[in-house]
Each structure stands twice: as C-alpha cells, then as structure tokens.
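The values are calculated or read from the model by the stated rules, or taken from the named source; none is laboratory data. None of the values given here were measured: they were computed from a predicted structure. Cβ: placed from backbone, ideal geometry, glycine included. Neighbour counts: every protein chain shown.
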Amino acid sequence: MAKPLRIFVSAGEASGDLYGSLLINRMREQMGDVEVFGCGGNKMRAAGLQALVDANDLAMVGLLEVVPGLPRAWKALRRLKRSILARPPDLAVLIDFPDFNLRLAKTLRQAGTPVVYFVAPQVWAWRQGRLKTIRQNVDRLLCIFPFEEEFFRRAGVRAEFVGHPLTELVHPRLGKAEFFTRFELPQDRPLVALLPGSRRGEISLNLPPMLGAAQEILKQKPSYFVMPAANTAGKQWLEAQVRAAGLPLKVLENHAYESLAYSQAAVVASGTAAIEAALLRIPMVVVYRVSRPTYWLAKKLVRTPYYNMVNLVAGKPLVTEYIQDDFQPKNVAREILELLESKQARESLSEGLKEIGEKLQAHGVQQTEQEVQARGQGEPSAIQKRDGAIQRAVAIMESILEKPLAGQRKTVGSI
C-alpha cells in the first residue's frame, strides 16, 4: 500500500489560517489520504493539520512592534526547519506571512521539496530585494490580486493569478429581517458598521478615532452602529473598549458579513475587511493607524499610490482612505454622512465596488493549451475557468506532484 503524501503547510495570520484550512480540505478531497503538518491556527488544525507550531503565537502587526515577538518566531522557525530536513515533505504550501515563510522556502529548497506560495508577498510595494529569494526558492507563486501576475512574471517568477478566495466565501448567512430581529437592531435609522481590525494591537490604535467619528455622526444624524468582533480580539474585550463611549452600538460575534451587508455605510480598517466590504458592495471609508515610528519607517519604504487594496485593484481612488494623521473623527464623519444622505453617492460607489469583485475572480484568464504546456502546468482541463481560487490552487499543486522536478532531492544536513 502506497504511503500517503506528506504536505507541509505554513500560515501565520488569521486570513492565512482560513485559506490554509480551505486548501487542506480541498487537498483531502482531491488527493485522498494526505499527511499535512506545519504551522497554522485553529481553523487549519480543525481541517487536519498536525501543528508543530501554533500560528496564534506568531501573530504580529507593524514594522517595529514585531521586535518583542522575534524570539518566539526564531524558535518556531528552528523547529519547523528541523522537521523539514529530517524528513522532507513531498510538497510545501506557504501562505502569505513572508518574513517567516520565505525563510522556510530556503530550507525547503535545500531539502528538495517543491514549493507553492499562496498569496504573493507584496514586494511590488516594498522590499523588492525579496524577488531574488522568491525566484530561487518558489516553484509556483499563486497570486490573489490581478495586477500581481504580470509584475512577478516580468521579474522571472513563475506566477499565476488564481483569483481571490474570498469571492467564494463572502456572503451573509442570515437574512436581513432575521439579522435585525435576532440582535434587536432598530430599523428606523441608518445602520453603520465599524470594523477597527482583527488584532488587539491594531484595534487599540484604530478604535478611538473610529468611536470619535461615530459621535460626530450622531451630532448630525440619528444612527445605530454595529461592530463585529474578530475571534482574535474577543467580544468581551471589545465591549469593554467601547463601553465608555456611550454610543448606540452593539458588538456582534461571528456576524461580520451580515454587519456589513445590511449597513448603509461602513468605516473599515485597511486590510482583508476592506476587500470583504468591497465584495459585498458596501459604501465605505477605509482608515488605518499604526505607531508613529512604524509609519515614519513605512513612508520611507513603501511605494504605492494608495494604501488600501481596494484602490490598488481599482487603479484609482475609488474609496476614500484616511491614514495615520488624516484619520480624524471629523474627516471620517463627513464622508460617512455624505454617503448616508445621498442615495446617488451610495449607488455610484456600490457600482464601482461591483467591478472590484469581478476583477478579483480568475474568470477570463484561462490559458490556451499552448500557454499551459509552455508553463509546465499540466493539461488545460486541470485548471478550469469557472473554478474558484482554492480549486485552481489545488489543481496546480496536483500538477506539480504528478511531474516532480527531476533531480531536486539531495542529502541534507542539520541546520
């Protein structure tokens, strides 16, 4: 009886843990009996990951704020590297988290393991020196934003846009009437969603001016606010943070998509939540604050025309963004009030966000048979035009496993 495939998977953040769990579930459906081990969080463990490292111990945000967590990260890296070198896996799937995962990619290359990288490092924005590491150590880079594929291919990286996995996932699970009834939300005034982030560190920076904006809105228009609580923050902790503001506000657990979908407008911390709001076509203002030293450093390093991914995908300032010192309560309130007062403004922005959703799907990028063969990606039927990002990614992984790179394996020593 053939031994099951051993697949190493590593993710270090909440979004990566979600994508990792979807990939693991799909791999088990497509490949049958597989042994999956590596680094992940609760969702990946529930999908069957043998977690050598808990990703919850590694979650960090900011450029300088990560310093206290570096000893934990180095310890985790050493453990994973030892495991890889002791018994090299048949395939490795690295998900985002580049400061950590690109170091693992070098070890995996040394071990002769093919590497698939899902969610491309944002080297188009900063630290382009990483391109060499990616080119040398990653066999296939799977991009979830459409503009990334051309950028990486021009740099000599075997990249493919597979679509964004959230396009298949973002939809409310409760109807509007049930949502309002279950949580006793008023229907005689506008509902505004506030999403300050998923980690306590970023929430502590984004929440005060967000609550200030809510207070400014109430001065001019009766409104009600909902704030979905991320599991990584905790509902009780978040309720304690907002209690003193005395706002007509309800913190909801596990209902982010309903909170967005049934609101007239939203104030959203830049990141995955902004993409989710865009997919739900909810008019929004995107905001973000980091520590002053981190912002000073980022201004010198990051080279992009916009801060948030919605505008980068649109290629224009589709949604208003207020970053750092521009993130002031009165600025945010002014924009939200304009959206609440003007149906035309809401509909215009919603229509623009519809185009973002279309761009984030891989529809229309199916290769010809000649293109597929030229890239060594297997038969065209393996990657269907209508497949979602997860299905396309796993099809590519299967094609790599079916055609292992000749002569890759070699004897490795200790690290």
Give the residues of segment 220-234 that are surrounded by fewer than 16 Cβ atoms within 10 Å (Cβ to Cβ) and in contact with a Leu (Cβ under 9 Å, 6 or more places away or on another chain), sorted by residue number. Gln220, Lys221
Regarding segment 280-303, can at least one residue be identified that is without any contact (Cβ under 8 Å) to a residue 24 or more places away in the chain, farther than 23 Å from Leu339 by Cα and either touching a strand residue (DSSP E or B) at 6+ places or on another chain (Cβ under 6 Å) or in a loop (DSSP other than H, G, I, E, B) (or both)? no
Find all pairs meeting these conditions: Cβ atoms under 7 angstrom apart; at least six residues apart or on different chains; first residue within segment 147-166 and buried (at least 17 other Cβ atoms within 10 Å of the Cβ); second residue among the polar types (S, T, N, Q). Gly163/Gln361
Collect the residues in segment 47-85 that are at pLDDT 95 or above and within 19 Å of the chain's Cα centre (by Cα), keeping them in residue-number order. Ala47
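Listed here are the residues, each with its yes/no results for (1) on the phi > 0 side of the Ramachandran plot; (2) surrounded by fewer than 23 Cβ atoms within 10 Å (Cβ to Cβ); (3) assigned to a loop (DSSP other than H, G, I, E, B); (4) in contact (Cβ under 8 Å) with a residue 24 or more places away in the chain.
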position	(1), (2), (3), (4)
Leu218	no, yes, no, yes
Gln236	no, yes, no, no
Ser259	no, no, no, yes
Val268	no, no, no, yes
Cβ-Cβ below 7 Å, separation at least six or inter-chain, first residue in segment 115-132 and in contact (Cβ under 8 Å) with a residue 12 or more places away in the chain and closer than 17 Å to Ala105 by Cα, second assigned to a strand (DSSP E or B) and β-branched (Val, Ile, Thr): which pairs? Val116/Val93; Phe118/Val93; Phe118/Ile95; Val119/Ile95
Inside segment 316-350, can you point out the residues that are touching a residue at least 24 places away in the same chain (Cβ under 8 Å) and under 23 Å from the mean Cα position of the chain (by Cα)? Leu318, Val319, Thr320, Glu321, Tyr322, Ile323, Gln324, Phe327, Leu349, Ser350
Please state which one of Val192, Val138 is β-branched (Val, Ile, Thr) and farther than 30 Å from Thr107 by Cα. Val192
Determine which member of the set Ala274, Ala214, Ala244, Ala193 is surrounded by fewer than 21 Cβ atoms within 10 Å (Cβ to Cβ) and either assigned by TED's automatic domain parsing to the domain that holds Thr320 or part of a helix (DSSP H, G or I) (or both). Ala244
For segment 1-28, what are the residues that are part of a helix (DSSP H, G or I) and either under 13 Å from Gly48 (Cβ atoms) or at pLDDT 95 or above (or both)? Tyr19, Gly20, Ser21, Leu22, Leu23, Ile24, Asn25, Arg26, Met27, Arg28
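For segment 1-45, give me the residue count where each residue is touching a Ser or Thr at 6+ places or on another chain (Cβ under 6 Å) and surrounded by 24 or more Cβ atoms within 10 Å (Cβ to Cβ). Show your work before the answer.
Taking segment 1-45 and keeping what is touching a Ser or Thr at 6+ places or on another chain (Cβ under 6 Å), we get 14-15, 38-39, 43-44.
If we keep only those that are surrounded by 24 or more Cβ atoms within 10 Å (Cβ to Cβ) too, we end up with 38-39, 44.
Result for segment 1-45: 3.
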Residue list for segment 318-333, filter: closer than 14 Å to Pro283 by Cβ and not in a strand (DSSP E or B): Leu318, Val319, Val332
